[in-house]
Amino acid sequence: MQHVLGLDHVIILVRDLDDADARMARLGFRPTPRGLHSAHMGTANATVMLQNGTYLEVLSVLEATPANADSRAVLAEREGPFGLALKTDDAHGAAEAFEMAQIAAGGALAFVRPVAFPNGTQDACFTVARVRTDATPGASLFVCQHHTPEIVWREDYLQQPNGATGLAEVIGIADDLLAIEDAYGAIFGGRLRRADGRVTIAAGDALITFLAPGAFAERFGAAGEPVSSPRPRLAGLRIRVHDLDKAKATLQRNRVPWTAGAGQSVLIASDQACGTLLEFAP
């Protein structure tokens, strides 16, 4: 699908946004001020903006609406990553492609959210097109067209205390990789590969990887053990940092436990990171 481009951001669902802000700060992130979505969405967020054009969106439900039913169903079981947002140059074109593939969840939808600046508030404007959640097992997938990127990627929020510069990989866990391949192959086509207990999708400069349980345990060891909710599901993020020693020092200063990962990386268990296994790596 030509209008489905690279990774834009990942949505991490949380029950208490104030608590999540504090937890993200302990990890060395600098969340943006609170953003409120429109009434029909019924949600609020804080974001962690990254220099490579990706970001984390920490999202909570304020009021139950039909638009946030999927998020509420996940939050009834767990916190953690659930939404995969891909960049698009044409949300309406992507919506048409989803419709032709019979996986669309409605047409393209435009919305705004206010972003606080020192001199007042400005509206960040988006158009999104969603895929039905039953068509992408383990995740809610949509494309996001940014009409005001200069408002979303605020210069004063790009420098992260832990040295994070970009999302490098979204990691999921699945019992049936053939089902993952069939479902996501309808969207990503030749960008998807399956081999050695994993399905890997090239999403611009980032990867989306689903691992079989054995491969997940082999890669993450004890840090990955808490993943026990229904599968398939998104479970973790690999975040690129420009200085691993700086990331370690930030975690140590804030008394966040971590373990060494494969190669040069740091692993933080999901119970320390809003239900999200984190890997910091150069």
Give the residue, chosen from THR121, THR148, THR127, that is free of Cβ contacts under 8 Å to residues at least 24 places away in the same chain, in contact with a strand residue (DSSP E or B) (Cβ under 7 Å, 6 or more places away or on another chain) and hydroxyl-bearing (Ser, Thr, Tyr). THR121
From the set of residues in the range 151-163 that are in contact (Cβ under 8 Å) with a residue 12 or more places away in the chain and outside any loop (DSSP other than H, G, I, E, B), which is nearest to LEU59 (Cα to Cα)? VAL152
When (1) touching a helix residue (DSSP H, G or I) at 6+ places or on another chain (Cβ under 8 Å); (2) more than 23 Å from THR121 (Cβ to Cβ); (3) modelled with pLDDT under 95; (4) assigned by TED's automatic domain parsing to the domain that holds TRP153 are applied to GLN2, the one that fails is (4)
Taking only the range 78-116 into account, find how many residues are within 18 Å of the chain's Cα centre (by Cα) and not aliphatic (A, V, I, L, M). 8
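Looking at the range 27-47, which of the residues that are among the aliphatic types (A, V, I, L, M) and either touching a Lys or Arg at 6+ places or on another chain (Cβ under 8 Å) or not in a loop (DSSP other than H, G, I, E, B) (or both) is surrounded by the most Cβ atoms within 10 Å (Cβ to Cβ)?
Filtering the range 27-47 for residues that are among the aliphatic types (A, V, I, L, M) and either touching a Lys or Arg at 6+ places or on another chain (Cβ under 8 Å) or not in a loop (DSSP other than H, G, I, E, B) (or both), the one surrounded by the most Cβ atoms within 10 Å (Cβ to Cβ) comes out as ALA46.
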So, in the range 1-59, how many residues would count as being in contact with a His (Cβ under 7 Å, 6 or more places away or on another chain) and of a type in the set (Val, Ile, Thr)? 2
When the range 87-127 is checked residue by residue, the ones that are farther than 21 Å from ASN68 by Cα, of a type in the set (S, T, N, Q) and assigned to a strand (DSSP E or B) are THR121, GLN122
Just give me the residues in the range 256-279 being loosely packed, with under 13 Cβ neighbours inside 10 Å, touching a residue at least 24 places away in the same chain (Cβ under 8 Å) and either farther than 20 Å from GLY172 by Cα or touching a Phe, Trp or Tyr at 6+ places or on another chain (Cβ under 7 Å) (or both), in sequence order. none
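The values are calculated or read from the model by the stated rules, or taken from the named source; none is laboratory data. Predicted model, so just to flag it, every value in this text is computed and none were measured. Because the Cβ atoms are built from the backbone with ideal geometry, glycine has one as well, and the counts that use them run over all protein chains shown.
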